[in-house]
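The values are calculated or read from the model by the stated rules, or taken from the named source; none is laboratory data. Keep in mind that what you see is a predicted model, and the values were worked out from it rather than measured. Backbone-built Cβ (ideal geometry, glycine too); neighbour counts: all protein chains shown.
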Amino acid sequence: MALARLSKISLELQYLVSTQLGPSDLLSLSHVSVYWRAFVLDDNRWAEWYSGIVSHSDESLQEFLARFNIPDVCSARKMVYLCLRQWCMSCGDYSQDIQIYLPHMKRLCDTCLADDKYTVLSFSAAIAKYDLRERDATGVLILEWCNPNRVSKRAIKLVSEAHIKQIALRQWITEANLEAHLSQKKASALATYRERSEDYRSAVSTREALQETGNVIAADSVVIARTGRKIPKAFPAYPKIILPSKPTDRKVVCFAPRPLVEVDGDVWLDVCDSDSEDELSANPTSE
Ligand SMILES: [Zn+2]
């Protein structure tokens, strides 16, 4: 009954009512009916609130997402909601320092973030580790990251290891199947590597022996015995599937929002933020 009446009030009134509501109430209202859900989604204040989200280092969330080339990864509504709830979505702990872990769009405390399921790997390392091809992982969330400590300005593609493992699990159905497949792959990759290393070493020592005798032409024509190919310039590379790929610091893909508060149907940055207190205590004599 109440719901029917609510939808019958004039559009102007509906608008007026909604402007008095903040994000939390709007979200509750959106669960009332399809009509109100559309009404809530249409509210242009979501974009306004979203654009006001900044990190502790004063980078806006929009700038942060653009830096990873994922500007549209999540709706403004979801982002506002995530930034308002200051508790860990894994253990439930409450704190103002709970960051948003971008690959899973989750707020996580430092302890939960250390869990293996939040490991961040480069895309190439991750697909090699799970014996996938690039096209198997189409559609996976990739964050393009420019490491500020590197001279190269080329972005590294980062992924959540869990996302890649999920794709591998879809192919192999069970964890046990996947493990069995990977250990068999690793064993054969290792055998091939050993064989190639042996071939390389023996060809190089033959060449060196010939060079010592001064027979340059014969030395230059030494090939890998098994394949008949030229000796490669470098020692065979260790198989990527076995090489422990170094994970990237997961904090790199975390956004630490300044706390937001809802006041009278609006959203504000929390002025009691710990940073401001630090600034105050750092300048106790400033007037
Ligand atoms: Zn936690």
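Couple of notes before you dig in:
- Residue match in the stretch 224-245 (condition: assigned to a strand (DSSP E or B) and modelled with pLDDT under 95): yes
- Top-ranked residue in the stretch 62-97 [being more than 13 Å from the ligand (Cβ to nearest atom) and among the aromatic types (Phe, Trp, Tyr); ranked as surrounded by the fewest Cβ atoms within 10 Å (Cβ to Cβ)]: 81
- Per the listing 148, 103, the residue uniquely without any contact (Cβ under 8 Å) to a residue 12 or more places away in the chain and not basic (Lys, Arg) is 148.
Yes/no per residue for (1) surrounded by 15 or more Cβ atoms within 10 Å (Cβ to Cβ); (2) of a type outside the set (A, V, I, L, M); (3) under 17 Å from residue 127 (Cα atoms):
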| site | (1), (2), (3) |
| --- | --- |
| 149 | no, yes, no |
| 155 | yes, no, no |
| 161 | yes, yes, yes |
| 164 | yes, no, yes |
| 172 | yes, yes, yes |
| 178 | yes, no, yes |
| 208 | no, yes, no |
| 214 | no, yes, no |
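- Here the stretch 98-121 is the region considered, the condition is being under 10 Å from the mean Cα position of the chain (by Cα) and either of a type in the set (A, V, I, L, M, F, W, C) or farther than 18 Å from residue 83 by Cα (or both), and the residue that is farthest from the ligand (Cβ to nearest atom) is 121.
- Residues of the stretch 155-183 that turn out to be touching a Pro at 6+ places or on another chain (Cβ under 9 Å) and of a type in the set (S, T, N, Q), as a count: 1
- Tally, over the stretch 89-104, of residues that are part of a strand (DSSP E or B) and of a type in the set (Ser, Thr, Tyr): 2
- Test: residue in the stretch 192-199 that is out of contact with any Pro (no Cβ under 6 Å at 6 or more places or on another chain), aromatic (Phe, Trp, Tyr) and touching a residue at least 40 places away in the same chain (Cβ under 8 Å): no
- Residue match in the stretch 31-51 (condition: away from the ligand (no atom under 16 Å from the Cβ), closer than 28 Å to residue 156 by Cβ, in contact (Cβ under 8 Å) with a residue 60 or more places away in the chain and surrounded by 14 or more Cβ atoms within 10 Å (Cβ to Cβ)): no
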